[in-house]
Amino acid sequence: MNDMNASFLKPSVMADVQSTRDERALPIEQVGIRGVRHPLTIRTKTGSFPSVGNFEMDVALPAHIKGTHMSRFMAILQQQDEPIDSTSVVSMVREMLPLLDATEGRVQFTYTHFVKKAAPVSGVESLMDYEVTWMSKGKKNATGSIDVELNLRAVVPVMSLCPCSKEISDFGAHNQRSHVTMTVALDPKTKMTVEDLVTAAESEASSELWGLLKRPDEKWVTERSYSNPKFVEDLVRDVAGQLKADERILSFVVEAENFESIHNHSAFAKISLTK
């Protein structure tokens, strides 16, 4: 065998450039991947359903390290073959930090959450969709264990009817679709479902919404909202009261936005609270 063939067959060690030392003395707060679509199975109170998540995953990078291990973020996603709930979101960030040799990092994903709902009178079933975001932050403490922060965000469409319009009109009142957006910080040791958060908003609206209604259901929704008028201020305060009373929630931001039917602008209100 000549020297050329011997050199070709000899195993070589590939250079790991990203692990080399960086001399610019600038740590990076967040570095990772964004805009990754990945299939998910979401666990609910009654079972599970498939969806697609839009992921962001990042870690903090020390000043002396040139780059992070980008491929390892994707490796974590490939391992998610069990239905996801609040506990698995916490587990993902706990697994990520040691795999990427990081002291702190974040996993966030947004997806469409579906809830099967029965109409109030006919009982006909249909799916309602909600935009949901889970975010988990992890940071190694002095003992080497990982402290985790867990946040859940849900955008819940509801119906609101104006109390002032009802009061001043001989008949009828203007009403509109509204969005209640709740971002809650959760105790990572407890479990909270998306349905729990959705219920907090829908129960305080003039009326909740359904994907499919028959005529008797439409009559019920119209009369329900007329007998339960809410200003945007009422809506945000009532939802905030629900979140404040939930011991699983450590802090929250709740915003209500009414897409006004008699104006070409929205009315909104916002409350933040740390317990």
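Every number here is computed from the coordinates shown, using simple stated rules; none is lab data. It should be emphasised that the depicted structure is a prediction, and the values quoted were computed from it without experimental measurement. Cβ coordinates were reconstructed from backbone atoms using ideal geometry, including for glycine residues, and neighbour counts include every protein chain displayed.
With neighbours defined as other Cβ atoms within 10 Å of a residue's Cβ, the residues 106, 94, 21 order from fewest to most as 21, 94, 106. Once C-alpha pairs closer than 8 Å and six or more residues apart are averaged by separation and normalised to the residue number of the chain, the relative contact order reads 14 percent.
For the chain, the alpha-carbon coordinates run over 100, 39, 37 Å along the three principal axes, in decreasing order.
Cβ-to-Cβ counts within 10 Å put 136, 122, 207, 227 in ascending order as 227, 122, 207, 136, the fewest first. Here r is the Cβ-Cβ distance between residue 227 and residue 116 and R0 is 30 Å; the resulting FRET efficiency, rounded to 0.05, is 0.70.
Applying D = kT/(6 pi eta Rh) to region 28-116, where Rh is the Kirkwood radius over alpha-carbon pairs, T corresponds to 20 °C and eta to 1.002 mPa s, the Stokes-Einstein value obtained is 155 µm²/s.
Roughly what percent of Cα-Cα pairs across region 157-275 reach past 26 Å?
Percentage above 26 Å: 24.
With the cut-off at 21 Å, tell me which of the pairs 66/137; 230/270; 117/219; 45/116; 117/137 have Cα atoms farther apart than that. Going by Cα-Cα distance, 66/137; 117/137 fall outside the 21 Å limit. Counting only GluC sites (Glu not before Pro) that DSSP places in a loop and that have at most 11 other Cβ atoms within 10 Å, the longest clean stretch of the chain runs over 24-246. Based on DSSP H segments of at least four residues, each scored -39500 (n - 2.57), the chain has a per-residue ellipticity at 222 nm of -7500 deg cm²/dmol. Sorting 68, 103, 41 from the fewest to the most surrounding beta carbons within 10 angstrom yields 41, 103, 68.
Extension gain for the segment residue 174 to residue 149, taken as residue separation times 0.36 nm less the Cα-Cα distance, is 4.9 nm to one decimal.
Placing unit charges on C-beta atoms (Lys and Arg positive, Asp and Glu negative, everything else neutral), compute the dipole magnitude of region 20-274 about its Cα centre in debye, rounded to 20. Walk me through the intermediate numbers first.
Working: 29 positive and 35 negative charges, 106 e Å.
With Lys and Arg at +1 and Asp and Glu at -1, about 500 debye.
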